[in-house]
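The block underneath contains the structure these notes are about, expressed in C-alpha cells.
The values are calculated or read from the model by the stated rules, or taken from the named source; none is laboratory data. Since the model is a prediction, treat every value here as computed from it, not as a measurement. When we count neighbours, we look across all protein chains shown, and the Cβ atoms used for this are built from the backbone with ideal geometry, even at glycine.
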C-alpha cells in the first residue's frame, strides 16, 4: 500500500520551528494497529491520518505510543496539506474526530482552528505536581490537564520539571503559563503520559488557556507564544464555549509511505 505523506511544521512561518506533524492522506481506512505502527516509525509528536468522506474528513492522531484524544497541531497540519497540496478551496473544512466535529478555515493569511473549550476548575495542587515542577505556581486548575499559572514569563522558560513525577499524575498533561512580555501570555506543555516529554506547540492546550486569559485580561483577541525550544506563535479568539486558534504552517517533506496491507 502506498500512502501520500507530508511532514509539516506548524504554528510557525519558518522551517525547524513550531511543532512537526506527519500527515497521511488515506485512500482507505486503516486499522488502529497499523496507524500506531506508522506513527511509531515516524517518531513525531503526532501523525495525522485523513480519510475523505465527501462532506467531511475522518481524522485521527497518534503519538509514537498512543492514540491522541485531541491534537491541535495535527489538525493544523492536516488543513495545511489539504489546502496546499490536495487542492481544497472551501472556506472551511470539517473533520470528524474522537473530540467531536472540528473545523479549520483560512483568515488573514493564517489557518484558523475552531475547537471547543476545555474547562478547568481551581484546585488544591497535589504535592507531586509542585515537587515535579520544582516551583510554586500562583494558582492551579484541573480538568483533562493541570493548568499551573505563574507570575512571570521567565519562570516558565526556566522550568526544568521532573518528567517521571509528572507522568504519574492522572491527567492528559500539564500546562504551565504566565503573562507574556511581547505577547499576552506564554506557555509550555508537558505530556509524558502520552509519550511526549514536552510538546513544542500545543493547540489543544489553548482551548484551556484562551478562556483563562480572556477572563483575566478582559479581552477576546489574544496573542500567545509557546516558549519551548522550537517555539511557536498562536493568534486566538475566545468565543464562549469555543475558541479560534490561528497559526501558520510550512511543508518540510513530501513523499510516499510503503506499508503492508492489514
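Has segment 49-68 got at least one residue that is farther than 20 Å from residue 96 by Cα, crowded, with 24+ Cβ neighbours inside 10 Å and touching a residue at least 24 places away in the same chain (Cβ under 8 Å)?
The answer is no; no qualifying residue exists.
From the list 129, 111, 169, exactly one residue is in a strand (DSSP E or B) and modelled with pLDDT of 95 or more. Which is it?
Of 129, 111, 169, the one residue that is in a strand (DSSP E or B) and modelled with pLDDT of 95 or more is 111.
Working only within segment 11-33, note down all residues that are touching a strand residue (DSSP E or B) at 6+ places or on another chain (Cβ under 6 Å) and under 17 Å from residue 43 (Cα atoms).
18, 19, 20, 21, 22, 23, 24
For segment 44-58, state whether one or more residues are over 19 Å from residue 251 (Cβ atoms), within 19 Å of the chain's Cα centre (by Cα) and modelled with pLDDT of 95 or more.
Yes: segment 44-58 contains one or more residues that are over 19 Å from residue 251 (Cβ atoms), within 19 Å of the chain's Cα centre (by Cα) and modelled with pLDDT of 95 or more.
Only one of 221, 226 is closer than 30 Å to residue 83 by Cβ, touching a residue at least 24 places away in the same chain (Cβ under 8 Å) and touching a helix residue (DSSP H, G or I) at 6+ places or on another chain (Cβ under 9 Å); which?
After applying the criteria, what remains is 226.
For segment 27-38, does any single residue satisfy the condition of being buried (at least 23 other Cβ atoms within 10 Å of the Cβ) and either farther than 20 Å from residue 257 by Cα or touching a residue at least 24 places away in the same chain (Cβ under 8 Å) (or both)?
no
Taking the criterion of being in a helix (DSSP H, G or I) and farther than 24 Å from residue 235 by Cα, would at least one residue in segment 51-60 satisfy it?
Among the residues of segment 51-60, not one is in a helix (DSSP H, G or I) and farther than 24 Å from residue 235 by Cα, which makes the answer no.
This table checks each residue for (1) within 29 Å of residue 43 (Cβ to Cβ); (2) within 21 Å of the chain's Cα centre (by Cα).
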position: 125; (1), (2): no, no
position: 138; (1), (2): no, no
position: 144; (1), (2): yes, yes
position: 147; (1), (2): yes, yes
position: 151; (1), (2): no, no
position: 178; (1), (2): no, yes
position: 186; (1), (2): yes, yes
position: 190; (1), (2): yes, yes
position: 205; (1), (2): yes, yes
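In segment 84-97, which residues are in contact with a strand residue (DSSP E or B) (Cβ under 7 Å, 6 or more places away or on another chain), closer than 17 Å to residue 23 by Cβ and not in a strand (DSSP E or B)?
Within segment 84-97, 84, 85, 86 meet the criteria.
Just the residues that are in contact with a helix residue (DSSP H, G or I) (Cβ under 6 Å, 6 or more places away or on another chain) and under 18 Å from residue 74 (Cβ atoms), please, taken from segment 235-246.
So in segment 235-246, the residues in contact with a helix residue (DSSP H, G or I) (Cβ under 6 Å, 6 or more places away or on another chain) come out as 236, 238, 243, 245.
Answer for segment 235-246, where residues must be in contact with a helix residue (DSSP H, G or I) (Cβ under 6 Å, 6 or more places away or on another chain) and under 18 Å from residue 74 (Cβ atoms): 236, 243, 245.
Does residue 180 satisfy the condition of being in contact with a strand residue (DSSP E or B) (Cβ under 9 Å, 6 or more places away or on another chain), touching a residue at least 40 places away in the same chain (Cβ under 8 Å), surrounded by fewer than 18 Cβ atoms within 10 Å (Cβ to Cβ) and not assigned by TED's automatic domain parsing to the domain that holds residue 61?
No: the conditions fail for residue 180.
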